[in-house]
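Everything below concerns the one structure shown next.
Derivation of every value follows stated rules applied to the coordinates shown; laboratory data play no part. Computed from a predicted structure; not experimentally measured. Neighbour counts run over all protein chains shown; Cβ positions are idealised from the backbone, glycine included.
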C-alpha cells in the first residue's frame, strides 16, 4: 500500500479545467477582420473570453459484417461532433455577437438567399483551443480545421440578474481536429 508521501512525490499537480484559451479569426470576406493573406486564416486572430467549452468528441463508426453466425466489426469513418462554446459578450472584442452574425450572413445571406463564396470555401477558418498550465504555458493545442458557425443561439436579457455577465452560445461545424506539436514557449 502506497503512503501519502509516495503519492505526493508522484503527483505532478494535474491539469485544471479553467485554464484554457480559444483563439481564432473571422474570414476576411465576411467584413469582420482585416486580411493577412492566408485564405484559411484570413483575419486577425482574436482571443475570446469564453465561459465554457469542451474538446469535441471524436469517434470511429463501426462497420459490421455477418460471418458464420457471428458479427465481425471493422473501423469505419471518423465522426466529429459539433463544437459548442459559451462566449462572454465582451465589448472590448468589437461586438462578437455581431461578428458571428456577419459571418453567418456571409455563408448565406438571409435577405437575398445568396452566398458570397466561390467554389473554394473561403468561409472556413482554423481555430485553436490551448490547454494551459499553471504558468500559462501551453500543455496541448487543439486545432479545429475548416471551422464555421452552424448555430448562433439567443442572447438573453433579464433585469432580475444585474450582476451576471451576458453570454451567448455558438455551435460550430468543422472538418477535422488535430493536436499541434508545441514547445514550452509556444503561443499564438
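Sorted on the mean count of surrounding Cβ atoms within 10 Å across their residues, most packed first, peptides 97-106, 124-133 read 124-133, 97-106. Between residue 78 and residue 7, the modelled labels are 3.8 nm apart [label points 7 Å from Cα along Cα→Cβ].
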